[in-house]
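The values are calculated or read from the model by the stated rules, or taken from the named source; none is laboratory data. Bear in mind that the values here come from a model prediction, so they are computed numbers and not experimental data. Every residue, glycine as well, gets a Cβ built from its backbone with ideal geometry; the counts of neighbours run over all protein chains shown.
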Amino acid sequence: MSPPSSFRIRPAHPADVPSILPMVRAHCDLHRSWDPERFPIRDDVERLYADWLPRRAADPRSVVLVAERSSAGPSDLCGFIVGTIEQNIRIYTLAEFGYLHDLWVQPDARGMGVGGALLNAALDALRSKGVRQVRGETAAANDAARLLMARHGFRVGAVEVMCPLEQPR
């Protein structure tokens, strides 16, 4: 699937980070609202991402892409995706894999193919780096993300479980 004509998918630049940070906050707040025990997001998440994103964008083993509205300036970003190449543990024959950390589309741009275009572009970029498998996780409440990922070839490979030890069982 190619990006809709009203959007352009491109690599992120350091100048994009201030426009990405509000999306990071929205993404984190949504996850925290779904499950605050699983996603106890730090209040300074924007500061942490302001440091992390430029390093990922400059790292040849990472992919940071943005979606921007074609009719507007570069500050009108409507989505982003971040992926890295991670080392697998030694018991597996697959030495490394791609990992998708974040995928976000602004609410007013959803349903227009932006998420699929970002995901396709990230998968293509990771494939071009020699990656043979890409992983990610979604919140249990995020049916839309699982449907999007399934349309792009993802399947459930594991089920994460958690037990908060600070509360009685």
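Miscellaneous remarks
- Qualifying position, being in contact with a Leu (Cβ under 6 Å, 6 or more places away or on another chain), within 15 Å of Ile9 (Cα to Cα) and among the aliphatic types (A, V, I, L, M), among Ala117, Ala109, Ala121: Ala121
- Residues that are basic (Lys, Arg) and without any contact (Cβ under 8 Å) to a residue 12 or more places away in the chain within segment 1-54 comprise Arg32, Arg42, Arg47, listed in sequence order.
- Test: Ala15 is over 15 Å from the mean Cα position of the chain (by Cα), part of a helix (DSSP H, G or I) and modelled with pLDDT under 95: yes
- Looking across segment 145-167, the residues that are under 20 Å from Phe39 (Cα atoms) and in a helix (DSSP H, G or I) come down to Ala145, Arg146.
- Members of segment 117-135 that are surrounded by 12 or more Cβ atoms within 10 Å (Cβ to Cβ) and either in a loop (DSSP other than H, G, I, E, B) or at pLDDT below 95 (or both): Lys129, Val131, Gln133
- With respect to the conditions (1) modelled with pLDDT of 95 or more; (2) exposed (fewer than 13 other Cβ atoms within 10 Å of the Cβ); (3) over 13 Å from Phe97 (Cα atoms), Leu148 falls short on a single one, namely (2).
- Of the candidates Leu165, Leu118, Leu147, the single residue that is free of Cβ contacts under 8 Å to residues at least 24 places away in the same chain and under 20 Å from Cys78 (Cβ atoms) is Leu147.
- Taking (1) out of contact with any Asp or Glu (no Cβ under 8 Å at 6 or more places or on another chain); (2) surrounded by 15 or more Cβ atoms within 10 Å (Cβ to Cβ); (3) modelled with pLDDT of 95 or more in turn, Thr84 satisfies each apart from (1).
- Any chance Ser70 is more than 20 Å from Leu123 (Cα to Cα), of a type in the set (S, T, N, Q) and out of contact with any Leu (no Cβ under 7 Å at 6 or more places or on another chain): yes
- Residues in segment 88-101 include at least one that is modelled with pLDDT of 95 or more, in contact with a Lys or Arg (Cβ under 8 Å, 6 or more places away or on another chain), closer than 22 Å to Ala117 by Cβ and of a type in the set (Phe, Trp, Tyr).
- Residue count for segment 18-59, restricted to those that are assigned to a helix (DSSP H, G or I) and over 27 Å from Ser70 (Cβ atoms): 12
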